[in-house]
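Notes follow the structure.
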Amino acid sequence: MTGRCDTHCHLYLEEFSDDLPEVLKRAKEAGIVKILVPGIDVDTSVQALELSREHPGWLYAAVGIHPNYANQVSLAQIEAVEALLKANTGNIKAIGEIGLDYYRTWASHEDQVFIFQHMLDLAAKYELPVCIHIREAEQDVLEILAKWVKSLARNNNSLRLHPGVLHSYSGHPEIAQFALQHHFLLGISGTITFKNAQGLRAQVGKAGIEHLITETDSPYLAPHPNRGKRNEPAFVQYVVEEISNTLGISLDTAIQITYRNAQELFDWNGN
Ligand SMILES: [Zn+2]
């Protein structure tokens, strides 16, 4: 079953507390066949997992601690994330959302790197791909990931072929270069539809459809023509449409190949 995928949305946030059933209904009507919900801390990772259990085969979870929530995280919280992984029966398809965010200073760089490293270790141990958040921290993230993929190769870890996704790709040429070199995918969000996103569209055109998956990052980053409103998974249709326009390929081809890319990364057809 191929179709549109939203590989990154935060459906447990309060923005959806009033109308999540309607949001999901609209997603279904818009042909969204797979949705990945990443956590941002322990509690929301549990909530993402609960959502995936309520909607088996449609919603999936990623678990992890986001850099903005890395402030004084205890080892007990890292163990709590690992406990979810130990008990994983197939609903958890990735470790995320993890990474570094030097734009917000909610957590020190040291705390962020400490958590990021621990999350990458868990990903390697449980052989689950990573969903990476990068904001004003390109150099440090790419350096850490480069070391990580080297260790995956050294240990013959199955992740080396599909290590993860660099989510909500910003258009930085070095990020795309890194992704292509190390088999990461670029997660394309609604920002690709923005008028002033020529640079991003140029990079996406260069990267090519084989390296892209689609996402919304709901409730943030609503695409044109809904820019500024609350985002929701149904709006991923505008993202895949813009990808097809940017690459000059048919909408069907864009849907099919981005679906296949996501399937290879998250391995979610099995259950
Ligand atoms: Zn996110």
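The values are calculated or read from the model by the stated rules, or taken from the named source; none is laboratory data. Here the structure is a predicted model, which means the values were calculated and not measured. No Cβ is skipped: glycine too gets one built from the backbone with ideal geometry, and neighbour counts run over all protein chains shown.
Cβ separations smaller than 9 Å between residues 6+ apart or across chains give the following pairs from segment 56-68 residues that are over 18 Å from Asn88 (Cβ atoms) to residues that are of a type in the set (Ser, Thr, Tyr): His66/Thr44; Pro67/Tyr102. Counting the residues of segment 230-255 that are in a loop (DSSP other than H, G, I, E, B) and in contact (Cβ under 8 Å) with a residue 24 or more places away in the chain gives 4.
Please work out which residue is farthest from Asp267 (Cα to Cα), limiting yourself to segment 82-136 and to residues that are of a type in the set (A, V, I, L, M) and touching a Cys at 6+ places or on another chain (Cβ under 9 Å).
Across segment 82-136, the extreme among qualifying residues is Ile98.
Just one of (1) outside any helix (DSSP H, G or I); (2) under 24 Å from Ile95 (Cβ atoms); (3) polar (S, T, N, Q); (4) touching a residue at least 12 places away in the same chain (Cβ under 8 Å) fails for Asn226. It is (2). Looking across Gly39, Gly31, one residue alone is among the small types (Gly, Ala, Ser), at pLDDT 95 or above and more than 16 Å from the ligand (Cβ to nearest atom). It is Gly31.
Residues that are within 16 Å of the ligand (Cβ to nearest atom) and aliphatic (A, V, I, L, M) were ranked within segment 1-21; the one that is surrounded by the most Cβ atoms within 10 Å (Cβ to Cβ) is Leu11. Would it be correct to say that Ala202 is assigned to a helix (DSSP H, G or I) and over 14 Å from Thr7 (Cβ atoms)? Yes, satisfied. Within segment 46-96, the set of residues being modelled with pLDDT of 95 or more and among the aromatic types (Phe, Trp, Tyr) comprises Trp58, Tyr60.
Within segment 206-235, being more than 16 Å from the ligand (Cβ to nearest atom) and either within 16 Å of Val37 (Cα to Cα) or buried (at least 24 other Cβ atoms within 10 Å of the Cβ) (or both) holds for Leu212, Ala234.
The set of residues in segment 247-264 being touching a Gly at 6+ places or on another chain (Cβ under 8 Å) and over 15 Å from Gly187 (Cβ atoms) consists of Leu247, Ile255.
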